[in-house]
Amino acid sequence: MTVKNLIISIIIGLVVFAVGGGAGVLYQQQKGTPATQTQSGAENPILKTLNSKVVSSINASGQVSDIAGRDITLTLGGDDLIIRVRDDAPVYSFVQPINGKNAVQKTVKFEDIRKGNTLNVNLYVSSGNVIEASSVLMFQK
């Protein structure tokens with residue numbers, strides 16, 4: 001991998017991480033309101049918007065505080081978000097080769113995710129109003 005490709009990969013990773021941080025800030029501003037809960041069977045307009053085909057994905061980032069089955073709890077700034085990771089969701093990680101060369105991105109297994117890892121997750125609200133991950137980017141400790 002050339003230095004140019006490494007720099008481009010790092011910049012892309014940082015941009016994705018920054019977008020995730022921005023989404024986290026927006027999420028925190030809405031904290032305390034039951035925006036993702038439907039009440040008395042009525043359709044929630046926020047969920048309807050997030051389920052729209054216009055919204056391709058939402059980004060969340062944080063540190064893994066719990067893993068239960070395919071559900072991951074991300075924690076950032078005292079807030080927690082439980083995200084279901086789909087079975088077909090790819091998980092990517094940047095790893096440092098043993099020979100000391102530049103870090104490379106590779107596909108890893110869901111089972112490689114550990115408590116304490118920092119994740120950047122592309123997610124969406126499914127038709128069943130469940131927050132699901134469509135892809136995961138893991139940053140090693």
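Here are a few things to note about the model shown:
- Qualifying residue in the range 67-77 (condition: within 29 Å of residue 10 (Cβ to Cβ), over 15 Å from the mean Cα position of the chain (by Cα) and either exposed (fewer than 12 other Cβ atoms within 10 Å of the Cβ) or at pLDDT below 85 (or both)): yes
- Residues that are assigned to a loop (DSSP other than H, G, I, E, B), more than 14 Å from the chain's Cα centre (by Cα) and modelled with pLDDT of 90 or more within the range 86-113 comprise 87, 88, 109, listed in sequence order.
- Residue match in the range 11-28 (condition: closer than 16 Å to residue 132 by Cβ, hydrophobic (A, V, I, L, M, F, W, C) and modelled with pLDDT under 85): yes
- Unique residue being at pLDDT below 75, farther than 25 Å from residue 97 by Cβ and surrounded by 16 or more Cβ atoms within 10 Å (Cβ to Cβ) when the list is 44, 59: 44
- Considering 109, 101, 115, the condition of being in contact (Cβ under 8 Å) with a residue 60 or more places away in the chain and more than 21 Å from residue 18 (Cα to Cα) is satisfied by 101 alone.
- Residue tally, condition under 20 Å from residue 18 (Cα atoms) and in contact with a strand residue (DSSP E or B) (Cβ under 6 Å, 6 or more places away or on another chain), over the range 65-81: 6
The values are calculated or read from the model by the stated rules, or taken from the named source; none is laboratory data. Keep in mind that this is a model prediction, so the values were computed, not measured. Don't worry about glycine lacking a Cβ; one is built from the backbone with ideal geometry, like all the others, and counts go over all protein chains shown.
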